[in-house]
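The values are calculated or read from the model by the stated rules, or taken from the named source; none is laboratory data. Just so it is clear, the structure is predicted and the values come from calculations on it, not from any experiment. Quick reminder, even Gly has a Cβ in these numbers, built from the backbone with ideal geometry, and neighbours come from all protein chains shown. The protein model used for the area step is the full one, side chains on, heavy atoms only, and it has no ligands, DNA or RNA in it. Shrake-Rupley method; radii C 1.70, N 1.55, O 1.52, S 1.80 Å.
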Amino acid sequence: DMENAYLLGRITKKGYETNFGKQLLEKVNAHSSVQVSSADFEQEVSTNIERDIQNELILAPMFREIAMNSASMILPIMPDSGYAEITGAAGSTDATNPNGTLESRGGTNRGGIALSEIELRTVKMVAKSYLGNETEEDAILPILPLLREAMIRSHARGVENMILLGGHADGAYSSITAASGLLKYASTNSRDVNTGTAGTIPALTAAGLLGLRKQMGKYGLRANDVAYIVSQRAYFELLEDAEFQDFNLVNTQATKLTGEVGQVFGSPVMVCDEFPEAAAGKYYALAVNTRNFVIPRQRGVTVESDYLVEDQHRVLVTSQRLGFKEIIPNAKSVIGFKYPAAA
């Protein structure tokens, strides 16, 4: 009721002066020793909507979020350190003048490292719903749950598509550059494997997923840092693989990851329905080091509304600001399987 009253007030531009809103406030304050204001309702509703969007997500919970105060921010990064120096030994290369570890000094191959930086940027994601001018309060109430569900699902689909296909030709946001997705990073750095022969579509196996992880080098060493993301078709092919079935039988680790359907050598397998349709040259499975990617977020979900006089209808708008970024550029942190080229 609280969420319906808030959304109804936004749609009608009456706030809690609607009949439904007045009845709710009266009911709450009449049965409580603490007076509840409309501001408390607004914060609670926004939190609930954002939480429900999070519950719909499969890919986003795998990555860390960074809170931002503006639409762009510079993040300093430091590559792996070099070796510590040994000095004072006769004939030593370093003698008694060791090189620094945070700044390169001298000409030896054990010089220091140089700090670098990446730019984190966010994009605004917006979902809109329209209602005709003549729609009365009593007629809006029955469809409010549908409007709310549509907004939540729209944002969830948008976030998932951005993380997987942002900036890629097969995605819904092919033109954005501030938030490139996993397939964009894989294709740009040629981190892909063509399986099978021309004109054939091979089935995905657990051994194939392990092969992707092997190609990640040091980024694939820690099983807890690696996750496999597969398409719907690839998932059903995995179910027919005897090795994958064995992994599920011996797996004793309980998990609450949304969308996880099993594990391969300790790394979760996630199903995402945002992959492009199976066709020649299209991706259908990824191995990802989740620690090398972050989700910068400037703010959560807000709900606004307005009346468009020219179009004679009301518009309800939900928006949020977030992005997706690779931390160490050009690393082997994402490698994918592609269907072979057409014959």
Inset, instruction - With respect to Ala279, determine if the residue is of a type in the set (Gly, Ala, Ser) and assigned to a strand (DSSP E or B). - result: no
Legend entry - Scope region 308-321; condition in contact with a Ser or Thr (Cβ under 9 Å, 6 or more places away or on another chain) and open to solvent by 20 Å² or more (accessible area, probe 1.4 Å); matching residues: His313, Arg314, Val317, Arg321
Inset, instruction - Quick one: count up the residues across region 315-343 that are over 28 Å from Glu160 (Cα atoms) and in contact with a Leu (Cβ under 7 Å, 6 or more places away or on another chain). - result: 0
Inset, instruction - Hey, can you tell me all the residues within region 135-170 that are in contact (Cβ under 8 Å) with a residue 40 or more places away in the chain and farther than 28 Å from Asn4 by Cα? - result: Asn161, Met162, Ile163, Leu164, Leu165, Gly166, Asp170
Legend entry - Per-region count, region 272-310, residues without any contact (Cβ under 8 Å) to a residue 40 or more places away in the chain and out of contact with any strand residue (DSSP E or B) (no Cβ under 7 Å at 6 or more places or on another chain): 3
Legend entry - Output for region 209-237, where each listed residue is among the aliphatic types (A, V, I, L, M), farther than 12 Å from Pro268 by Cα and either part of a strand (DSSP E or B) or open to solvent by less than 20 Å² (accessible area, probe 1.4 Å) (or both): Leu212, Met216, Ala234
